Structures are given as C-alpha cells and as structure tokens.
Amino acid sequence: MQIGVIIYEDNNSLRESLCNLIHFSTDLLLLGNFPNVDRVVEQVTDLRPDVILMDIDMPGMNGIEAVRKIRTFNREVQIIMLTVFDDNRHVLDAMCAGASGYLLKKFISDHLPETIAQVLQGEAPMSPGIARMVIESMHETSKPVTDNYHLTRREKEILGNLSKGNSYKLIAAEFTISIDTVRTHIKRIYEKLQVHSQVEAVSKAAQERLL
C-alpha cells in the first residue's frame, strides 16, 4: 500500500521538486500540494494523509500554528517540518507543537524517503542542538523529582540517549542490541510516560527530572 502525502510549501519551485520526488517514488502517493495552510483542517480531514510535509515559514498562518491545529483532531498523521536551519527556536516550537520530525531543505532530495520511513516507524531523532534546547526549556519549569513511572535501568539509559539526540542506530550500537529491540524499549518508555513522541518523552523526562 502506498503512503499518502500532502505538501505545504509556499516556494513554488521547491514544492514542484517535492511533487516530482513523490511522483517518481513507488512507495509514495501525492494526495495534494498547497502554497499555504489556510484550509489545513479541511484538507487534512478530507485527504487523510499518512504523512504531511510542512514548511515552517509561510505567509499568513505558519507551519507551527498549522501543526497545533492538526493535533487538535488528528494525533496519528506524521508531520515532517521543512526548514533551512536545524537548531533554531522555530524547530523546537514545531516539535513541541506535535511535529514528528524535521528535514533540512538542502537534504530533501537525498533524504526524503528515508525520513518518511523513519517517522512511520516511530523514529524521529532530534539533532543534539534541538535536544539540548528541549531540556533547557523544560528545566526552567521543572517539577519536584518524581519517579512513579517504573522505568527499568535500560529504559532510563535509552531515554538518556534520546535526550542527546542520538538515533536508534547509535543507541543500538552503544548497547549492542538490535534496532528492533531499541524500538521495543522506546515503545515501553512512551507507554510508561504516557507520551507519543520523542520530544514529548524528552520534555517530560527533563521537566520531572528523570534524566
């Protein structure tokens, strides 16, 4: 079954390039492409994509605001932010709003299929810079130390690696385990912390001083 994709990008040439990349992929199906997010609720509801490629900076409503709107009625769709820089506040805000991951525009042609595959498998590693920003922002409003989540020692170790922005592959290599085993640990971490994404897990761990 093909993966349904919607594109939101105000740069016409980049949007056209993204459309071409998807058209030439046997695994991806382009459901729609739009220069703005003015009708994002209607479009996402009607087209029911598996993945949304969302530019952060657009005229009118920006991509971050669009993510917040989408997450009010759809927690399942994977949202990949398209950005020029990977260590700025806009990326952090987008991830905290509910984005699944992000992709630098200069790497789109080389890494788009790989990034889509990663988010669909639950993997959306952050850069160390973004991970550090998440932890710093949460420490500002940290709560008293609590550990009512019954995380195992290995789960805490893996959560610590996630907080550094390490990929599943790096975590697997560090602990000499398979990537599937890493995914199983992370799934259990998410369940115990009652979160749905890496950003939420790292944010909660930092805020409640689990790291």
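The values are calculated or read from the model by the stated rules, or taken from the named source; none is laboratory data. It should be emphasised that the depicted structure is a prediction, and the values quoted were computed from it without experimental measurement. Quick reminder, even Gly has a Cβ in these numbers, built from the backbone with ideal geometry, and neighbours come from all protein chains shown. Areas reflect the complete protein model, heavy atoms only, side chains present, ligands, DNA and RNA absent. Shrake-Rupley method; radii C 1.70, N 1.55, O 1.52, S 1.80 Å.
Exactly one condition in (1) in a helix (DSSP H, G or I); (2) touching a strand residue (DSSP E or B) at 6+ places or on another chain (Cβ under 8 Å) is false for Ala124; which is it?
Going through (1) in a helix (DSSP H, G or I); (2) touching a strand residue (DSSP E or B) at 6+ places or on another chain (Cβ under 8 Å) one by one, Ala124 breaks only (1).
Exactly one of (1) under 21 Å from Leu14 (Cα atoms); (2) open to solvent by less than 90 Å² (accessible area, probe 1.4 Å) is unmet by Phe85. Its number?
Among (1) under 21 Å from Leu14 (Cα atoms); (2) open to solvent by less than 90 Å² (accessible area, probe 1.4 Å), the lone unmet condition for Phe85 is (2).
Would you mind stating whether Asp93 is in a loop (DSSP other than H, G, I, E, B) and touching a helix residue (DSSP H, G or I) at 6+ places or on another chain (Cβ under 9 Å)? So that I can check it myself, show each step before the final result.
Working: in a loop (DSSP other than H, G, I, E, B): no; touching a helix residue (DSSP H, G or I) at 6+ places or on another chain (Cβ under 9 Å): yes.
Considered against the rule, which asks whether it is in a loop (DSSP other than H, G, I, E, B) and touching a helix residue (DSSP H, G or I) at 6+ places or on another chain (Cβ under 9 Å), Asp93 comes out as no.
Spot the failing condition for Asn166; the list is (1) in a helix (DSSP H, G or I); (2) open to solvent by less than 70 Å² (accessible area, probe 1.4 Å); (3) touching a residue at least 12 places away in the same chain (Cβ under 8 Å); (4) closer than 24 Å to Tyr102 by Cβ, and only one is missed.
Going through the list (1) in a helix (DSSP H, G or I); (2) open to solvent by less than 70 Å² (accessible area, probe 1.4 Å); (3) touching a residue at least 12 places away in the same chain (Cβ under 8 Å); (4) closer than 24 Å to Tyr102 by Cβ, Asn166 breaks only (1).
Filter the range 190-208 for residues that are out of contact with any His (no Cβ under 9 Å at 6 or more places or on another chain), in a helix (DSSP H, G or I) and within 20 Å of Ser127 (Cα to Cα) and give the result. Lay out the reasoning, then the answer.
So in the range 190-208, the residues out of contact with any His (no Cβ under 9 Å at 6 or more places or on another chain) come out as 191, 193-205, 208.
Checking which are in a helix (DSSP H, G or I) leaves us with 191, 193, 198-205.
Answer for the range 190-208, where residues must be out of contact with any His (no Cβ under 9 Å at 6 or more places or on another chain), in a helix (DSSP H, G or I) and within 20 Å of Ser127 (Cα to Cα): Gln198, Val199, Glu200, Ala201, Val202, Ser203, Lys204, Ala205.
Ile116 is checked against (1) more than 29 Å from Ser25 (Cβ to Cβ); (2) open to solvent by less than 30 Å² (accessible area, probe 1.4 Å); (3) modelled with pLDDT of 90 or more and fails just one. What number does that condition carry?
If we test Ile116 against (1) more than 29 Å from Ser25 (Cβ to Cβ); (2) open to solvent by less than 30 Å² (accessible area, probe 1.4 Å); (3) modelled with pLDDT of 90 or more, just (1) comes out false.
How about the range 2-61: which strands (runs of 3 or more DSSP E) wholly inside it have at least 3 residues that are open to solvent by 80 Å² or more (accessible area, probe 1.4 Å) and in contact (Cβ under 8 Å) with a residue 12 or more places away in the chain? If you could, list the steps in order and put the result at the bottom.
Working: elements: 3-8, 28-34, 51-55.
By residue number, no strands (runs of 3 or more DSSP E) qualify.
Looking at Thr141, Thr184, which one is at pLDDT 90 or above and either open to solvent by 30 Å² or more (accessible area, probe 1.4 Å) or outside any helix (DSSP H, G or I) (or both)?
Step by step, each of Thr141, Thr184 is checked, and only Thr184 is at pLDDT 90 or above and either open to solvent by 30 Å² or more (accessible area, probe 1.4 Å) or outside any helix (DSSP H, G or I) (or both).
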